[in-house]
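Enquirer: Have a look at the structure that comes next, please.
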Amino acid sequence: MEFNDVKTIAVIGAGDVGHGISLGLALAGYQVNLNSTTEASLQKGMDSINADLDRLVEFGFAESDRPQAALNKISTTSFEEASRDCDVVIEAVHENLELKRQIFRDLDAFCPERTILASSTSTIIPSRFSMVTQRSDRVLVAHYTGPSYLSPLVEIVRTEQTSDETVDIVFQVLTKVGKWPVIVQKEVTGFIASRLQGALLREALSMVQRGVASPEDIDTVLKLGHTRRWVSAGVFETLDVASLWELVLATAPEFFADLDSSMDVLNLLQEKVDRGELGAKSGKGFFDWTPESAEATRRKMANAFIEIEKWSVDGE
């Protein structure tokens, strides 16, 4: 199979990630077979797709006639029907290893021999899935960063058995969809994005736990500091262009030694979970939430992605 042979893509899971993946594929002209566990979750996924389409039209990222054309490309169907005659499958269910492995077993049984199987997992290495199939050369991870219909970044993670042809086909599909794929050549838990986020989160939790700073002030530093710079230049570019490597080398021995590398920070999260402080869905996490304030924040985040993308396009 070659890139141009890819016409139909199945998406298993219609939640926050799956519905966004489906929308992007449909806007790029692919036939999408969308499946979820229940009719209610499928309908919720389609409602989310409609809302996201409205936002894209509102901000000029989709012409007014494209929403209906995209919707016509998406079919909601059963698991077996979704996978029966597709060229690529993207699994997008929640992070449960055994559930995902069972889905891959079933996909391997239902899908044609040519079909590429991908998982959108953010942390699990792809060999954990390929080992339960008879097509290890056609299994990989395609980790969409969120919101999946807006964020351009997708991490392609291969195993030692994944063929170059498989990687190339998925890379080209994602590029056609408007994504910016990066290839993780060696399996490592969390890949690139989640590992960097995890390292930052552990230090942020440590500072809260030690009373160094409040969650509000830590978030303010991130929103107003490094992340604004990183929109245009990454950590290596920033230090390279400023020729700061000698300074980093001089300060790192003492500074790096003081960074938190323990698992103790999880105690803070365990206490919050035990109290039922689970974030927006429970009304309280590190901040207090109402349904309205949570939706306003989600909209603000989505709008920021759109504005950054517009700035990026205009800048080029």
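Enquirer: Stretched out fully, how many nm does the piece from Glu292 to Gln68 gain, at 0.36 nm a residue minus the Cα gap?
Expert: Result for the pair: 77.8 nm of gain on full extension.
Enquirer: How much accessible area per residue does the chain have, counting only protein heavy atoms and a probe of 1.4 Å, in square angstrom?
Expert: Per residue, the chain has an accessible area of 56 Å².
Enquirer: Using the Cα centre of the chain as the reference point, and only Cβ charges (+1 on K/R, -1 on D/E), how large is the resulting charge dipole? Debye, rounded to the nearest 20.
Expert: 300
Enquirer: In addition: Sort 181-189, 79-87, 203-211 by the packing proxy (mean of other Cβ within 10 Å over each peptide's residues), most packed first.
Expert: Ranking, from highest mean packing down: 79-87, 203-211, 181-189.
Enquirer: In the Gaussian network model of the chain, springs joining C-alpha atoms below 10 Å, which of Trp230, Trp289, Trp180 carries the largest mean-square fluctuation?
Expert: Trp230
Enquirer: What's the whole-number percent of alpha carbon pairs in the stretch 103-185 lying beyond 22 angstrom?
Expert: Roughly 20 percent, rounded to a whole number.
Enquirer: Project the alpha carbons of the stretch 201-305 onto their principal axes and report the range along each, largest first, in whole Å.
Expert: Largest first, the stretch 201-305 extends 47, 35, 17 Å along its Cα principal axes.
Enquirer: Taking N as the number of residues in the stretch 1-55, what is its Cα Rg relative to 2.2 N^0.38 Å?
Expert: Taking the Cα Rg and dividing by 2.2 N^0.38 Å, one obtains 1.15.
Enquirer: Here's something else I'd like to know. Distance check, please: which entries in Lys223/Lys310; Lys186/Lys223; Lys100/Lys281 exceed 22 angstrom between their Cα atoms?
Expert: From Lys223/Lys310; Lys186/Lys223; Lys100/Lys281, over 22 Å: Lys186/Lys223; Lys100/Lys281.
Enquirer: On C-alpha positions alone, give me the angle between the axis of helix 291-315 and the longest principal axis of the chain, in degrees, nearest 10.
Expert: 80
Enquirer: Along its three principal axes, how long is the stretch 89-137 when you only count alpha carbons? Whole Å, largest extent first please.
Expert: Principal-axis extents of the Cα atoms in the stretch 89-137, largest first: 26, 16, 15 Å.
Enquirer: Given springs between every Cα pair under 10 Å in a Gaussian network model of the chain, which of Asp108, Asp54, Asp274 has the largest fluctuation?
Expert: Answer for the Gaussian network model of the chain: Asp274.
Enquirer: I'd like the distance between the alpha-carbon centres of the stretch 5-60 and the stretch 183-208, rounded to an integer number of Å.
Expert: Taking the Cα centre of each part, the stretch 5-60 and the stretch 183-208 sit 28 Å apart.
Enquirer: Turning to a different aspect of this structure: Between Arg229 and Arg299, what FRET efficiency comes out of the Förster formula 1/(1 + (r/R0)^6) with R0 = 25 Å and r the beta carbon distance, rounded to 0.05?
Expert: Taking R0 as 25 Å, the efficiency between Arg299 and Arg229 is 0.50.
Enquirer: Measure off, as a whole percent, the carbon and sulfur share of the 1.4 Å-probe accessible area of the chain, all protein chains present.
Expert: 55
Enquirer: Something else now. Given R₀ = 30 Å, what would the calculated FRET efficiency be for Leu239 paired with Lys284, taking r from the Cβ atoms and rounding to 0.05?
Expert: 0.20
Enquirer: By how many degrees, between 0 and 90 and to the nearest 10, does the Cα long axis of helix 215-224 differ from the longest principal axis of the chain?
Expert: Helix 215-224 and the main axis of the chain meet at about 70 degrees.
Enquirer: Something else now. Net charge near Tyr144: determine it from the other residues with C-beta under 9 Å of the C-beta of Tyr144, scoring Lys and Arg +1 and Asp and Glu -1.
Expert: Net charge in that neighbourhood comes out at 0.
Enquirer: Sticking with this structure for a sec: For Ser78, Ser36, give me the order by solvent-accessible area with a 1.4 Å probe, most accessible first, ignoring ligands, DNA and RNA.
Expert: Result of the area sort, largest leading: Ser78, Ser36.
Enquirer: Computed over the Cα atoms of the stretch 147-259, what is the ratio Rg over Rh, Rh following Kirkwood?
Expert: 1.04
Enquirer: For the stretch 11-90, compute Rh as the Kirkwood radius over C-alpha pairs and then the Stokes-Einstein diffusion coefficient at 25 °C and 0.890 mPa s; write the answer in µm²/s, rounded to an integer.
Expert: My calculation gives 196 µm²/s for D.
Enquirer: I've got another one for you. Once the piece of chain linking Asp16 and Leu201 is laid out straight, how much longer is it, given 0.36 nm per residue of separation minus the C-alpha distance between them?
Expert: That pair, Asp16 and Leu201, stretches by 64.4 nm at full extension.
Enquirer: Give the dimensionless ratio obtained when the Cα radius of gyration of the chain is divided by 2.2 N^0.38 Å.
Expert: It is 1.07.
Enquirer: Still on this structure, I have one more. Could you give the angle, 0 to 90 degrees to the nearest 10, between helix 164-177's Cα long axis and the longest principal axis of the Cα atoms of the chain?
Expert: Its long axis makes an angle of about 80 degrees.
The values are calculated or read from the model by the stated rules, or taken from the named source; none is laboratory data. Just so it is clear, the structure is predicted and the values come from calculations on it, not from any experiment. Cβ: placed from backbone, ideal geometry, glycine included. Neighbour counts: every protein chain shown. Note: accessible area is taken over every heavy atom of the protein model, side chains too, but ligands, DNA and RNA are not part of it. Shrake-Rupley method; radii C 1.70, N 1.55, O 1.52, S 1.80 Å.
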